[in-house]
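To start, the structure itself, in structure tokens.
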2 protein chains.
Amino acid sequence: MAAHPGRPVRDITPNASLHSLQECNNCLVTETPTLRERRRTETWNALHDAAAELVLEHGMGAVSIDRITEAAGVSPRTFFNYFPSKQAAVLGVRDPHLPDCLLDDFDPAGDLVTQTTHLLLAVLRTATPHEDVARRRQLTAAHPELQSLRMHAVEEARRLLAEALTERLADHQLVAAADAPAEELVSLLVTAAAAVLQHAHRHPVAGSRTAGALLTEADVDHALEFTHHLWRNTL
Amino acid sequence: MAAHPGRPVRDITPNASLHSLQECNNCLVTETPTLRERRRTETWNALHDAAAELVLEHGMGAVSIDRITEAAGVSPRTFFNYFPSKQAAVLGVRDPHLPDCLLDDFDPAGDLVTQTTHLLLAVLRTATPHEDVARRRQLTAAHPELQSLRMHAVEEARRLLAEALTERLADHQLVAAADAPAEELVSLLVTAAAAVLQHAHRHPVAGSRTAGALLTEADVDHALEFTHHLWRNTL
């Protein structure tokens, strides 16, 4: 597909496969994506770019899936292998996933909130691999209904992570000491992690980026440090 | 206005003025609302009930503000004294407010997260005084765009509370010890409180209510206790 001359260089379409794999610190980071994976990523990006640009220019109602696939240079029947709906393609959001390897380093004896926050961020990134934050904000401003797709992806990321962690923490001393099922403790842990990420979003490290843009590791580390500071002085 | 025979007794329309005043534990709870306050509450409830019922029956597009005011038995020009839009009347949401007295009992030396959680809940309740949770859920399911009104009210409640707390905590030892402005610490505190309320919503105390329904004090206390348990075992 044609490049978008209006987009600045730093917004270059990232490689979605690579992006999610790099979140796995110890397992897949050295693996190069296969040709098939790279092609899937390219097609995903082409469809999302075409959908987003067309809708920004002509409005949601005027843009059909046929028009999107034509602009992206793929066959119409390919579309639904990549996105469940026109809206999902426009926003560039997909079902989050939790790579098998992601919990390999998880240490139940370590700082649970810190680990859960990094895990949640990794899973969330699998849902929105495309990093053109400015365009995404423009799209949700023009089409507020897209926001619910994003919220749905966040909910699903939380659910996936909670499910995986519940298994790991079933016999944890925290659960044993609390008069509540492991599911509830893990749900609280994921809620706490989501709150840390929310704070990182609202309060980026000075100079690192504008509020609301993509989170950096520095923002997350700062929010974690600050959250621990709050609780150490509260308890 | 006519009663809704289909609604169960426990969902009886509460007195919105009273409701928000009762959140002030030590200042206004013994005051009876004035006749003017009671009448405002009645009109608010009548407009919201009419808007919600008409939209549930006929759909959002088919219901005009004139039709709502006619069904509620008030003059059309009265409408905008109560709601900024048809959607706000349908959802029964208004701008949250923070009664002056609400922070009278706030103790900077006490448990900040617990106090902030109760304060946030009190401010949130001023935005949605009407307690017909089942109907509200039916409305947002049918008209997802209403959800953004709710989110806007939550944002505004957080902003109001953060503003009031920033003043109180400007010289707090937490702020002095953190290398960050008071605004950021207070924002984190309010985010932590919101996370506690979110957990209380998702995990009501067994038997107290169904998930997603209106929070009870028991749900909030349980979520607070559990949150403290998590952090005590994490730090």
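The values are calculated or read from the model by the stated rules, or taken from the named source; none is laboratory data. Given the structure is predicted, the values throughout are model-derived calculations rather than measurements. Virtual Cβ from ideal backbone geometry, glycine too; neighbours counted across all protein chains shown. Keep in mind that these areas ignore ligands, DNA and RNA; they rest on the heavy atoms of the full protein, side chains included. Shrake-Rupley method; radii C 1.70, N 1.55, O 1.52, S 1.80 Å.
Is it the case that segment A:170-181 has a residue that's within 14 Å of chain B (Cβ to nearest Cβ), of a type in the set (Val, Ile, Thr) and out of contact with any Leu (no Cβ under 8 Å at 6 or more places or on another chain)?
No; the residues of segment A:170-181 include none that is within 14 Å of chain B (Cβ to nearest Cβ), of a type in the set (Val, Ile, Thr) and out of contact with any Leu (no Cβ under 8 Å at 6 or more places or on another chain).
Given the criteria without any contact (Cβ under 8 Å) to a residue 12 or more places away in the chain, of a type in the set (Gly, Ala, Ser), under 26 Å from A:ALA157 (Cβ atoms) and in a loop (DSSP other than H, G, I, E, B), does A:ALA62 qualify?
So A:ALA62 fails the test.
Do we have any residue at all in segment B:169-181 that's open to solvent by 50 Å² or more (accessible area, probe 1.4 Å), in contact (Cβ under 8 Å) with a residue 40 or more places away in the chain and either over 18 Å from B:PRO96 (Cβ atoms) or among the β-branched types (Val, Ile, Thr) (or both)?
no
Per-residue answers, yes or no, for (1) modelled with pLDDT under 95; (2) within 26 Å of B:LEU120 (Cα to Cα); (3) of a type in the set (A, V, I, L, M):
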| site | (1), (2), (3) |
| --- | --- |
| B:THR32 | yes, yes, no |
| B:ARG36 | yes, no, no |
| B:THR41 | yes, yes, no |
| B:ALA51 | no, no, yes |
| B:VAL63 | no, no, yes |
| B:VAL74 | yes, no, yes |
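State whether the residues of segment B:148-164 include one that is in contact with a helix residue (DSSP H, G or I) (Cβ under 8 Å, 6 or more places away or on another chain), polar (S, T, N, Q) and at pLDDT 90 or above.
No.
Could you check how many residues of segment A:195-205 are free of Cβ contacts under 8 Å to residues at least 40 places away in the same chain, assigned to a helix (DSSP H, G or I) and buried (at least 21 other Cβ atoms within 10 Å of the Cβ)?
Residues in segment A:195-205 being free of Cβ contacts under 8 Å to residues at least 40 places away in the same chain, assigned to a helix (DSSP H, G or I) and buried (at least 21 other Cβ atoms within 10 Å of the Cβ): 3 in total.
Can you confirm whether B:THR227 is at the interface with chain A (Cβ under 9 Å from one of its Cβ atoms) and outside any helix (DSSP H, G or I)?
No; evaluated as a whole, the condition is false for this residue.
Condition first: touching a residue at least 24 places away in the same chain (Cβ under 8 Å) and either open to solvent by 50 Å² or more (accessible area, probe 1.4 Å) or under 18 Å from A:ALA141 (Cβ atoms) (or both). Can you find one or more residues in segment A:78-85 that meet it?
no
Restricting to segment B:125-153, give me the number of residues that are under 12 Å from B:ASP95 (Cβ atoms) and outside any loop (DSSP other than H, G, I, E, B).
Number of matching residues: 5.
Take the conditions among the aliphatic types (A, V, I, L, M) and more than 10 Å from chain A (Cβ to nearest Cβ) and apply them to B:ALA195. Does it pass?
no
Looking only at segment B:50-66, which residues are surrounded by 17 or more Cβ atoms within 10 Å (Cβ to Cβ) and either over 18 Å from B:PRO144 (Cβ atoms) or touching a strand residue (DSSP E or B) at 6+ places or on another chain (Cβ under 9 Å) (or both)?
Correct list: B:ALA50, B:GLU53, B:LEU54.
State which residue is most open to solvent (accessible area, probe 1.4 Å) when the search covers only segment B:206-235 and only residues that are at pLDDT 70 or above and small (Gly, Ala, Ser).
Among those that are at pLDDT 70 or above and small (Gly, Ala, Ser), it is B:ALA218.
Checking A:PRO129 against (1) open to solvent by 20 Å² or more (accessible area, probe 1.4 Å); (2) more than 14 Å from every other protein chain (Cβ to nearest Cβ); (3) in contact (Cβ under 8 Å) with a residue 12 or more places away in the chain, which single condition isn't satisfied?
Of the numbered conditions (1) open to solvent by 20 Å² or more (accessible area, probe 1.4 Å); (2) more than 14 Å from every other protein chain (Cβ to nearest Cβ); (3) in contact (Cβ under 8 Å) with a residue 12 or more places away in the chain, the odd one out for A:PRO129 is (1).
Answer with yes or no whether A:ALA192 is assigned to a helix (DSSP H, G or I) and either touching a residue at least 60 places away in the same chain (Cβ under 8 Å) or of a type outside the set (Lys, Arg) (or both).
yes
Name every residue in segment B:132-151 that is touching a residue at least 24 places away in the same chain (Cβ under 8 Å), closer than 21 Å to B:HIS97 by Cβ and open to solvent by 60 Å² or more (accessible area, probe 1.4 Å), in order of residue number.
B:ARG150
Which numbered condition in (1) surrounded by fewer than 18 Cβ atoms within 10 Å (Cβ to Cβ); (2) in contact with a helix residue (DSSP H, G or I) (Cβ under 8 Å, 6 or more places away or on another chain); (3) within 20 Å of A:VAL186 (Cβ to Cβ) is the only one that A:THR117 fails?
Here A:THR117 meets the rest and fails (1).
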